[in-house]
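A.B. asks: Take a look at the following structure, please.
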Amino acid sequence: MDRALFPDGVERCSFGKFALWMVFILAFFLFGLYAMLLIFAKGIVVTGLDNYFGFGLWITFDLAVIALGAGAFFTGLLKYILKIDQLKNIINLTVIVGFICYSGAMLVLTMDIGQPIRAWFGYWHPNVHSMLTEVIFCITCYCLVLVIEFVPLVLEQKQLNKIPFLHHLAHNMHVNMALFAGIGAFLSTFHQGSLGGMYGVLIGRPYALREGFFIWPWTFFLFVLSAVGCGPIFTVLVCTFMEKLTGRKLVDFKTKALMGKIAGTMLTVYIFFKILDTWAWANNYLPSTGMTFDQMFYGIIYGKWLMFTEIILCGVVPAIMLITPSIRNNPTMLYTAGILDCIGISLNRYLFTVQTIAIPLLPFDSWHTYAPNWAEWATSGMIVAYGFLVMSLSYRYLPVFPQERGMNR
Amino acid sequence: MHGHVEREFKITWGMVIDLDKCTGCGACMTACQVENNIAPMLDASNKLRTLSWLLVFEMSNKKAAPDAEIAYLPRPCMQCGNPACVPVCPVVATDKNEEGGIVSQIYPRCIGCRYCMAACPYHARYFNWEDPIFPKGMEKALSPNTSTRPRGVVEKCNFCHTRFVQAKDKARQTGGNPDALPDGAYMPACAEVCPTGAISFGDLKNPEHKVHELAKGKNAFRLLEKLELHPQVYYVSKREWVRKLGDNYAATGKPGAEKKHS
């Protein structure tokens, strides 16, 4: 019944099947929406956060999706500025993934702050010394850039594109897309770096603090590199997941492998500097505060295994897998490396967020633990469901994949 | 990158707490709650959700009897000279720019992002989880000088700042100098109420104030000095194990702490 809205020359499932799928996703979305409304009504007292763990799942989720969404700006930079033309096959998907990640993160932030109606204070009363101010500015500005990048794709929808004005508007936006890709890369570099800086400047938190050269430019670029080291491959994983779900070929493997190569190169550079950073932190900075490496960890929940999983299993291993052509060119190995890579960077964000504040610094204080409760999981799930909804609608009605028609003949 | 230059003040309000005198009675905590209009919680069983601007920690030397000893450590906001919380606030809801060196918290400005809480290693900052509800009749006992705070903002000890304002006003009215208050003219509720006199308060830079000398005593120390946040709250104890528990450096027995702790 909605066939007239499909992109030219592609097949989609029946409307009934699509509606069922949307209802399934909506159930998760509505459950999260209920939690969100409860949070707005009663405050974040309904979450598992407390005075020791002011940051928890939400901030981890935000930082992780912002890193995973980095495929948008980095692929845009490579496609429009460095003119790597092959990336045109996947660029639309990176934009949608980026848009979902950033708009989702902003939605989570409105729940996370205790006074949501004061969210605009970040612009009105900015503290120019705060990394968070920089993050607020850059994330919102970049989200607008992503909207601008997403709009022409929406306007290219078959029926909308028949309207001459919208057709020309979409065309002209495409013509100038290099400009927005440039702005996006500029903004993203700053806020990805500042997200690292947010933790790096915590002078009272030895797990995160880096001094002098190790905060600027070191930590700043560690976060930028880690984001671009996982963002592109995350887009590949999303694409592959969509292919499995729909049973259709969407992007050729050559492009996916190229994205893997890009992410792998960045991840390799990142993990090299991350290891140096960790070594310098453990051997120089920590002793200077009178703390030891062992004091940074506790039991299983905050054990050393987390750090080693992050750096070795989900850092060094996928980096080697992605930069080795023979491994990268094997689809199963590429996706395995991609999954490890994304877990590693998400784990990094978790450790910087939760482990940092879990460590009791007062020698007479004790370790406390944090576990997100249902309200935090439900609202985070709502953002994932929101992503599924946007992606499902985009896939069904928008010409996201330029290769799809040719590959499914 | 910290973007924050430590500011020097002519007057530096500070506290010196004698841990050998503290009995852990909790009167200071109660006085703090009353003075600052902190509403009683309906369910205060989760101690990580309470509002305790001043919190008394229990310390132990972890030895078996008969050598077992305990000490109590009241922990207000340290009003750090180099605060970790101030430069991180995205909306300038906390600042350290008033003569006297008290770290302010501007409740109507705070957006409740809790970045300052993540920054503070002393856990001196508290999030207001629920709207303050005072039991019937208790509203008559509220302090008229201290504003209550809405749900969703961060709050903390401010050395009973309204008392500072009142002390200056009084000095002006009586022909005194509000910028050179005599010792004892300005006293936070906790220091005033302490039954054993464990909490001394005054201008750390004024030789006429008792705390000036107390803070320089050989048994005086500050919490986590190695982090260089320069707290304006000092502790005193003749017991070495208590002094060592003030800083990880001392507690772990690593070199560098001898000068201060042994």
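The values are calculated or read from the model by the stated rules, or taken from the named source; none is laboratory data. On a predicted model such as this, the values are computed, not experimentally measured, just so you know. Neighbour counts are summed over all protein chains in view; Cβ atoms, including those assigned to glycine, are modelled from backbone coordinates with ideal geometry.
A.B. asks: Among strands (runs of 3 or more DSSP E) lying entirely in the stretch B:61-179, which contain 2 or more residues that are touching a strand residue (DSSP E or B) at 6+ places or on another chain (Cβ under 9 Å), more than 20 Å from A:R118 (Cα to Cα) and away from every other protein chain (no Cβ under 11 Å)? Walk me through how you get there before you give the answer.
C.D. replies: Working: elements: B:70-75, B:125-127, B:154-156.
Those strands (runs of 3 or more DSSP E) do not exist here; none qualify.
A.B. asks: Given (1) surrounded by fewer than 21 Cβ atoms within 10 Å (Cβ to Cβ); (2) closer than 30 Å to A:F53 by Cβ; (3) in contact with a Pro (Cβ under 6 Å, 6 or more places away or on another chain), identify the lone condition not met by A:I117.
C.D. replies: A:I117 satisfies every listed condition except (3).
Here's the yes/no breakdown for (1) farther than 22 Å from A:C101 by Cα; (2) touching a helix residue (DSSP H, G or I) at 6+ places or on another chain (Cβ under 9 Å); (3) among the acidic types (D, E); (4) without any contact (Cβ under 8 Å) to a residue 40 or more places away in the chain:
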| position | (1), (2), (3), (4) |
| --- | --- |
| A:M177 | no, yes, no, no |
| A:A181 | no, yes, no, no |
| A:G197 | no, yes, no, no |
| A:W218 | yes, yes, no, no |
| A:F221 | no, yes, no, no |
| A:A227 | no, yes, no, no |
| A:L237 | no, yes, no, no |
| A:F241 | no, no, no, yes |
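A.B. asks: In addition: Which condition from (1) part of a strand (DSSP E or B); (2) aromatic (F, W, Y); (3) within 14 Å of chain A (Cβ to nearest Cβ) is the one that B:W53 breaks?
C.D. replies: (1)
A.B. asks: Does A:T219 fit the bill of being part of a helix (DSSP H, G or I), under 22 Å from the mean Cα position of the chain (by Cα), within 14 Å of chain B (Cβ to nearest Cβ) and among the β-branched types (V, I, T)?
C.D. replies: Here the answer is yes, as A:T219 does meet what is asked.
A.B. asks: Would you check if B:K260 is modelled with pLDDT under 95 and either within 11 Å of chain A (Cβ to nearest Cβ) or at negative phi (or both)?
C.D. replies: Yes; evaluated as a whole, the condition is true for this residue.
A.B. asks: When A:G114 is evaluated against the numbered criteria (1) at the interface with chain B (Cβ under 8 Å from one of its Cβ atoms); (2) free of Cβ contacts under 8 Å to residues at least 24 places away in the same chain, which criterion, by number, is the only one it fails?
C.D. replies: (2)
A.B. asks: Something else about it: Kindly provide the set of residues from the stretch A:1-28 that are buried (at least 19 other Cβ atoms within 10 Å of the Cβ) and either part of a helix (DSSP H, G or I) or of a type in the set (S, T, Y) (or both), ordered by number.
C.D. replies: Matches in the stretch A:1-28: none.
A.B. asks: Oh, and also: Can you confirm whether A:V95 is within 14 Å of chain B (Cβ to nearest Cβ), in a helix (DSSP H, G or I), under 18 Å from the mean Cα position of the chain (by Cα) and not acidic (D, E)?
C.D. replies: Values: within 14 Å of chain B (Cβ to nearest Cβ): no; in a helix (DSSP H, G or I): yes; under 18 Å from the mean Cα position of the chain (by Cα): yes; not acidic (D, E): yes.
The answer is no for A:V95.
A.B. asks: Can you tell me which residues in the stretch B:198-257 are assigned to a loop (DSSP other than H, G, I, E, B), of a type in the set (K, R) and under 19 Å from B:L181 (Cβ atoms)?
C.D. replies: Of everything in the stretch B:198-257, just one residue is assigned to a loop (DSSP other than H, G, I, E, B), of a type in the set (K, R) and under 19 Å from B:L181 (Cβ atoms), namely B:K205.
A.B. asks: Still on this structure: Taking into account only those residues within the stretch A:120-131 that are surrounded by 21 or more Cβ atoms within 10 Å (Cβ to Cβ) and assigned to a helix (DSSP H, G or I), which is farthest from the other protein chains (Cβ to nearest Cβ)?
C.D. replies: Ranking the qualifying residues of the stretch A:120-131, first place goes to A:M131.
A.B. asks: Which residues, taken from the stretch B:71-85, are buried (at least 24 other Cβ atoms within 10 Å of the Cβ) and among the aliphatic types (A, V, I, L, M)?
C.D. replies: Hits for the stretch B:71-85 are B:M78, B:A84.
A.B. asks: Further question: Of the conditions (1) under 20 Å from the mean Cα position of the chain (by Cα); (2) surrounded by fewer than 19 Cβ atoms within 10 Å (Cβ to Cβ); (3) more than 16 Å from A:Y386 (Cα to Cα), A:M106 clears all except one; give me its number.
C.D. replies: (3)
A.B. asks: Tell me, which helices (runs of 4 or more DSSP H) lie completely within the stretch A:263-357 with 2 or more residues that are of a type in the set (D, E)? I'd like the intermediate steps shown before the answer.
C.D. replies: Values: elements: A:304-308, A:317-323, A:325-328, A:331-350.
No helices (runs of 4 or more DSSP H) qualify here.
A.B. asks: Using the structure shown, decide if A:L347 is of a type outside the set (G, A, S) and at pLDDT below 95.
C.D. replies: no
A.B. asks: Being crowded, with 17+ Cβ neighbours inside 10 Å and under 18 Å from B:A167 (Cβ atoms) is the filter here; which residues of the stretch B:206-244 pass it?
C.D. replies: Residues satisfying the conditions are B:N206, B:H209, B:V211, B:H212, B:Q232.
A.B. asks: On to the next question. Is it the case, given these coordinates, that A:Y302 is hydroxyl-bearing (S, T, Y) and surrounded by 19 or more Cβ atoms within 10 Å (Cβ to Cβ)?
C.D. replies: Judged against the criteria, A:Y302 is a match.
A.B. asks: Check whether at least one residue in the stretch A:199-216 is assigned to a helix (DSSP H, G or I) and more than 28 Å from B:N248 (Cβ to Cβ), and report yes or no.
C.D. replies: no
A.B. asks: Would a scan of the stretch B:186-202 turn up a residue that is at pLDDT 95 or above, crowded, with 23+ Cβ neighbours inside 10 Å, under 22 Å from the mean Cα position of the chain (by Cα) and more than 26 Å from A:L362 (Cβ to Cβ)?
C.D. replies: yes
A.B. asks: Follow-up. Give me the residue from the stretch A:59-92 that is crowded, with 23+ Cβ neighbours inside 10 Å and within 14 Å of another protein chain (Cβ to nearest Cβ) and, out of that set, nearest to A:A257 (Cα to Cα).
C.D. replies: Applying the filter and picking the extreme gives A:L63.
A.B. asks: Name the pairs: first residue in the stretch A:38-49 and more than 10 Å from chain B (Cβ to nearest Cβ), second residue assigned to a loop (DSSP other than H, G, I, E, B) and at pLDDT 95 or above, Cβ to Cβ under 8 Å, at least 6 apart or on different chains?
C.D. replies: Within 8 Å, the pairs are A:I39/A:T47; A:G48/A:G56; A:G48/A:Y370; A:G48/A:A371; A:G48/A:P372; A:G48/A:N373.
A.B. asks: Separate question: List the number of the failed condition for A:L361; all other conditions in (1) assigned to a helix (DSSP H, G or I); (2) at pLDDT below 95 hold.
C.D. replies: Just one mismatch for A:L361, condition (1).
A.B. asks: When you look at B:V103, is it among the aliphatic types (A, V, I, L, M), within 24 Å of A:Y199 (Cβ to Cβ) and surrounded by fewer than 24 Cβ atoms within 10 Å (Cβ to Cβ), yes or no?
C.D. replies: It is false that B:V103 is among the aliphatic types (A, V, I, L, M), within 24 Å of A:Y199 (Cβ to Cβ) and surrounded by fewer than 24 Cβ atoms within 10 Å (Cβ to Cβ).
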